[in-house]
Amino acid sequence: LDMQVIKAKLERRDQFQVLVASLSSRLVKVPYDQAEGEFRVCRAEASHYFGAERSFLFTLNTETVKAELAYFDSAAGNPFGKEISLDRFPEFVQRIKDGKDVIIDDASALPEEQRKDRESFEQVGIKSLLVLPLTLGDDVIGGMTMGRIFEQRDWSKQDVKEVRVIAELFTSFVL
């Protein structure tokens, strides 16, 4: 490997370690009456680190076939409201329910068998999306998303690993 590539990867790893240390320290120490505001700042910092223009944490309600947006962050607004009808994203939702990651580098390139998902992503402006299931024990209770709405992005294996760390940290905080 080229030394510049190695140096860039090490710098990125260092930045991530500093981010995780900062977020976890602040979330552990925040007084109860300031927790909501601090959590909002932490989510914004994580979104910025990953280049996400829209991110949220959601809980699944399989009885009502809806996902409730517990926390939402986007400078471009919320096209969903407080709930998302799960039947809009059948393939995506099934993967989350099965405890699998959803990695969409280019929503417009989803295959024909995922047409409903592709059309729904287009309606809400999603170009690229990473969704990780949130679990409590063996049960999937929701998910965390990092989405791109202005331009497409390829999500690396390292991105997935790092978002998982943040998702677990945030899940621990809200539970």
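The values are calculated or read from the model by the stated rules, or taken from the named source; none is laboratory data. Bear in mind that the values here come from a model prediction, so they are computed numbers and not experimental data. Note that we place each Cβ from the backbone using ideal geometry, even for glycine, and neighbour counts take in every protein chain shown. Only protein heavy atoms, including side chains, enter the accessible area calculation; ligands, DNA and RNA are left aside. Shrake-Rupley method; radii C 1.70, N 1.55, O 1.52, S 1.80 Å.
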Full-extension gain in nm, Ser85 to Val65, via 0.36 nm per residue minus C-alpha separation:
6.6 nm
Could you please state how large a percent of the accessible area of the range 46-175 is carbon and sulfur, counting protein chains only and using a 1.4 Å probe?
47 percent
Taking the chain as a Gaussian network, Cα atoms linked when under 10 Å apart, which of Gln152, Gln17, Gln34 shows the biggest mean-square fluctuation?
Gln34
Of the candidates Val18, Val65, Val131, which one comes out as most mobile in a Gaussian network treatment of the chain with C-alpha springs shorter than 10 Å?
Val18
GNM flexibility winner over the chain from Lys29, Lys97, Lys127 (Cα, springs under 10 Å):
Lys29
Charge dipole (debye, nearest 20) of the chain; +1 at Cβ of Lys and Arg, -1 at Cβ of Asp and Glu:
360 debye
Residues in the range 1-20 that a label on Arg26 would reach, taking backbone N under 12 Å of a point 7 Å out along Cα→Cβ
19-20
Protein chains only, probe 1.4 Å: how do Asp117, Asp33, Asp139, Asp106 rank by accessible area, largest first?
Asp33, Asp139, Asp106, Asp117
Taking R0 as 45 Å and r as the Cβ-Cβ distance between Glu11 and Lys100, the FRET efficiency 1/(1 + (r/R0)^6), rounded to the nearest 0.05, comes to 0.90
With a 20 Å threshold on alpha-carbon distance, the violating pairs from Lys7/Lys100; Lys66/Lys127; Lys9/Lys100; Lys66/Lys161; Lys29/Lys82; Lys9/Lys157 are Lys7/Lys100; Lys66/Lys127; Lys9/Lys100; Lys66/Lys161; Lys29/Lys82
Using the charge dipole of the chain (Lys, Arg: +1 at Cβ; Asp, Glu: -1 at Cβ; taken about the Cα centre), state which of Gly147, Gln17, Thr59 has its Cα farthest towards the positive end.
Gln17
